[in-house]
2 protein chains.
Amino acid sequence: MSAIMEETMEGAAAGQVVNGVNVSQLLETVTAVRGTPEIAKFRFRARNRWLGGGRNRTTIGDFDGALQTHRRAQPFVIEEDEPALLLGDDTGANPVEYVLAALAGCLTTSLVYHAAAQGIQIEEVESEYEGDLDLRGFLGMKDGVRNGYESLRVTFRVKADAPEEKIRELVELAQRRSPVFDIITNPVPIEVRLKE
Amino acid sequence: MSAIMEETMEGAAAGQVVNGVNVSQLLETVTAVRGTPEIAKFRFRARNRWLGGGRNRTTIGDFDGALQTHRRAQPFVIEEDEPALLLGDDTGANPVEYVLAALAGCLTTSLVYHAAAQGIQIEEVESEYEGDLDLRGFLGMKDGVRNGYESLRVTFRVKADAPEEKIRELVELAQRRSPVFDIITNPVPIEVRLKE
């Protein structure tokens, strides 16, 4: 049985838009996926070009989902750099800062969509992120010091038409359902190859 | 003993800028960190605000490193959304696409910086990223289906003043040193709290 389906049937009426999320479309998606699980298979893509020093430009164009390829009219362009202390020109956030942004967007959207499915109106969601990283990992200077974040801390502030206990449940649910939270807290295999 | 120090001493001369990276500054950093390991401790930060539906705005302002707080004059603003198929307005890349961007920037910069330390001139680096994600995880529809990427694939094209074997070594080294590669392939603990 679908968890979100149960939530939705208990809560919001079909046709309703809650938190800017079309709940009847969400219901239709769940029903469609139950009939044809292949609809749920997504493939996201990116291309990257090095621009010199610590600068990179990533473009995000199409993705596959619901058995089709979806092309944006214009690709999204993401500029990355390193601050001067890390020998860059500081023309954009750096890659580990983009990890924080990805986590922020994903936890928040997960919270808001699942609240919508339950018919809970959210007024405001703000959050803060902090990650500790020891550069000796990247520099290869000390065994046992990892390259990436040692730990991350997140603080949420949520204003909603719901008691505090319900808001706590939503913050928990966001962690249990967020794709990026999963990607960061659990291992994802990455295969890297060199094209000649 | 410092791996990057050994590489650097074998390769590039001090004062040299290779691949847009100031190698003598890199050497100074390594020397400073060897004397005072606390210099290598970084803390990155982000703030996020929900804008309705699947839209989020993350701002990246200051970070701590080398025993100081570094403030950007203007914070970097990162806009996230979901495509129509995922019930958004498609005004920005979505959070799992930002994960690909973060990985792209980090692997590339890791490759280029370590090449610079070895005095290897890089001409071009391009790469492509692909990630498979089953929406049934996010929807809570099926046990055993994870929320995040099941797997990621990366393809690099590198033009450099080096034999192919050396380029292969650099692509391997990028994976061994990249913070975001570590964050994605290994678990990072995340602590989430609700502020009243």
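Descriptive notes on the structure:
- Hits in segment B:116-132 (condition: more than 8 Å from chain A (Cβ to nearest Cβ) and either outside any loop (DSSP other than H, G, I, E, B) or of a type in the set (Phe, Trp, Tyr) (or both)): B:Ala116, B:Ala117, B:Glu123
- Restricting B:Val125, B:Val154 to residues that are modelled with pLDDT of 95 or more and over 18 Å from A:Leu51 (Cβ atoms) narrows the list to B:Val154.
- Here the condition is being outside any helix (DSSP H, G or I), hydroxyl-bearing (Ser, Thr, Tyr) and surrounded by 24 or more Cβ atoms within 10 Å (Cβ to Cβ); of A:Tyr149, A:Tyr113, A:Tyr98, it holds for A:Tyr149 alone.
Yes or no, residue by residue, for (1) among the basic types (Lys, Arg); (2) in contact with a Gly (Cβ under 9 Å, 6 or more places away or on another chain):
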residue	(1), (2)
A:Gly119	no, yes
A:Arg146	yes, yes
A:Glu150	no, yes
A:Arg153	yes, yes
A:Ala162	no, no
A:Ile167	no, no
A:Leu170	no, no
A:Phe181	no, yes
A:Pro187	no, no
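- In segment B:173-187, the condition of being more than 7 Å from chain A (Cβ to nearest Cβ), in contact (Cβ under 8 Å) with a residue 40 or more places away in the chain and surrounded by fewer than 22 Cβ atoms within 10 Å (Cβ to Cβ) is met by at least one residue.
- Test set (1) closer than 30 Å to A:Thr31 by Cα; (2) under 18 Å from the mean Cα position of the chain (by Cα); (3) surrounded by fewer than 24 Cβ atoms within 10 Å (Cβ to Cβ) - B:Gly131 fails condition number: (3)
- Taking the conditions (1) farther than 24 Å from B:Leu152 by Cβ; (2) surrounded by fewer than 24 Cβ atoms within 10 Å (Cβ to Cβ); (3) facing chain A (nearest Cβ under 7 Å) in turn, B:Arg71 satisfies each one other than (3).
Here's the yes/no breakdown for (1) at pLDDT 70 or above; (2) at the interface with chain B (Cβ under 7 Å from one of its Cβ atoms):
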{"residue": "A:Ala3", "(1), (2)": "no, yes"}
{"residue": "A:Glu6", "(1), (2)": "no, no"}
{"residue": "A:Gly11", "(1), (2)": "no, no"}
{"residue": "A:Arg45", "(1), (2)": "yes, yes"}
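- For segment A:60-68, the condition of being without any contact (Cβ under 8 Å) to a residue 40 or more places away in the chain, more than 7 Å from chain B (Cβ to nearest Cβ), buried (at least 21 other Cβ atoms within 10 Å of the Cβ) and among the charged types (D, E, K, R) holds for none of the residues.
- When every residue of segment B:86-94 is checked against the conditions, none turns out to be more than 7 Å from chain A (Cβ to nearest Cβ) and farther than 29 Å from A:Lys41 by Cα.
The values are calculated or read from the model by the stated rules, or taken from the named source; none is laboratory data. Since we're looking at a predicted model, the values are computed, not measured. Quick reminder, even Gly has a Cβ in these numbers, built from the backbone with ideal geometry, and neighbours come from all protein chains shown.
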